[in-house]
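Have a look at the structure below before the remarks.
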Amino acid sequence: MRKYAFDSFKFPACADCNARFSILEGKARKVILSILARSDLTAIDFDLLLDWLDKIRVGLWLANHYLLKEFRERRPKFFIGTRIGLKDRMVSIYASNHSAKGIGMWATQSPAFMLMPSCFAFAINNVYFFNLSNDFLVSRRLGFPYPTRAAIQQNGTTQYTIERGLERVIRPVVRKAMLPGFKVIYQPIFAWPLRTLDAGRTHELYNTRYVREACIDWGRGHGPIFVESGAGVNRVAARETMHWVSSTECQPQVLHKRLMRQALDFQAHFFGNEVTYQDLPEAEQSSYQDLNKAVKQTQRRSIKD
C-alpha cells in the first residue's frame, strides 16, 4: 500500500466542473457535520451523502490514474460528472466511541478498484464509511426492475435484459456478510436505464406505484432510501428523519483493518460477477475469465496479509 500527502491530490478540472462540484461539496459539508455530531438525518440527506461518496470514490480512482505510473497510460473511460447518481449504491456508517482525528481511506489502490472503482472504505475523525455502488446492486432484492441477463459486448459495454420488479423486499438485501450490528443504507438508482435502454418499455417498468412511492426524485432516477437493521428493512420517506447512529467500542486500528478487509472482499466478490461473456468470441471470453481469476486471487491474498 502506498501513502501520499493530501496536497498530492490536486488535479486539473474545468471551470464548469469546479463550479458544479463546489455546490455539491457545500451541501455535503452540512451533512458530514451532522454525522460527526451524531445528529439525525433525512432520506434527502442520505441521497446527498451518496452523491458525494460517488464523487469521492470515482475521484480517488482518477487520482490514482495520475499518481500511479503503471496506470498513467490508461485513458479513463469515465469521469466524476458521468458517474454521480448513476448506479445502485449503499453506505454503512460506523461511529467509533474512541476519539480520533484525521481522514483515511482504504482499498483504493487494489487491482479490482483500479479496474472497477465500485467499493471503498473511508474515515473522517472517528466516523467510518463503507460505500459500494454497482449496476443493479440492490434493485432486485428491493423489488425494483432488475436484469435477468447481463452480457458483456465486444465494445466493452454490458447489454441488459430488464424485467418487472418483484415489488417486495428480500432479506438480506446484499447477500454478503458485513460487520454486524450496524444499519445499512440502500438506494436503487435507475437514471441510466431510463436514459439508455428501450425508452418505452423501461419507462413502463419503472412507472409503477411501488417504484414511485417515496422516490427522492423519480425524474432523475433516484429511488427511495431503504434502511436495513436487525429489525428489518424500512423504506424512508424523503423528508422523514431517521436515527442512524450505531456506535462501536472497537479500537480504531481494529476497525481500520476490518473495514479494509471487508472492502477488498466485496471488490473481489463483485468483480466480473453476475455477467456473462457468451456473446464474445472464445478468445475474448478466455481473456476476461483469466483477468477475473487473477484479480480475485490477488484480492484474496491481500485480505490474508
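Bear in mind that the values in this text are calculations on the coordinates, not laboratory data. Given the structure is predicted, the values throughout are model-derived calculations rather than measurements. Virtual Cβ from ideal backbone geometry, glycine too; neighbours counted across all protein chains shown.
Some observations on this one:
- Phi-based couplings in Hz for segment 260-277 (Karplus 6.51, -1.76, 1.60; Gly and Pro marked x): 5, 5, 4, 5, 4, 5, 5, 4, 5, 5, 8, 6, x, 7, 6, 10, 10, 10
- Least to most buried among ILE152, ILE216, ILE225 (fewest other Cβ within 10 Å first): ILE152, ILE216, ILE225
- Model label sites at ARG20 and LYS77, defined 7 Å from Cα along the beta-carbon direction, differ in position by 2.0 nm.
- FRET efficiency estimate (nearest 0.05) - Cβ-Cβ, ASP217 to LEU33, R0 35 angstrom: 0.90
- Pair-distance distribution P(r) for segment 184-245, from all Cα-Cα distances in 5 Å bins starting at 0: 4, 17, 26, 21, 14, 10, 5, 2, 0 percent.
- Working note: Karplus 6.51/-1.76/1.60 with θ = phi - 60° gives segment 125-137 the couplings 6, 10, 10, 10, 10, 10, 10, 9, 9, 6, 4, 6, 3 Hz, where Gly and Pro are set to x.
- Global size of the chain as Cα Rg and Dmax, reported in angstrom: 19.1, 55
- Within segment 282-305, backbone nitrogen closer than 19 Å to the virtual label 7 Å beyond the Cα of GLN154 toward Cβ: 282-289
- Residue order for TYR128, TYR206, fewest other beta carbons within 10 angstrom first, comes to TYR206, TYR128.
- Cα shape, segment 27-168, gyration tensor, a/c 1.5 rule: oblate
- Solution diffusion estimate, µm²/s, Stokes-Einstein, segment 215-255, Kirkwood Rh from C-alpha pairs, 4 °C, viscosity 1.567 mPa s: 102
- Near PRO117, once Lys and Arg are set to +1 and Asp and Glu to -1 for all other residues with Cβ below 9 Å from its Cβ, the sum equals +2.
- Legend: distances between Cα atoms for LYS30/LYS176; LYS77/LYS304; LYS176/LYS257; LYS27/LYS176; LYS87/LYS183; pairs beyond 27 Å are LYS30/LYS176; LYS77/LYS304; LYS27/LYS176.
- Beyond 21 Å, the tail of the calculated P(r) for segment 213-305 holds 63 percent of the Cα pairs.
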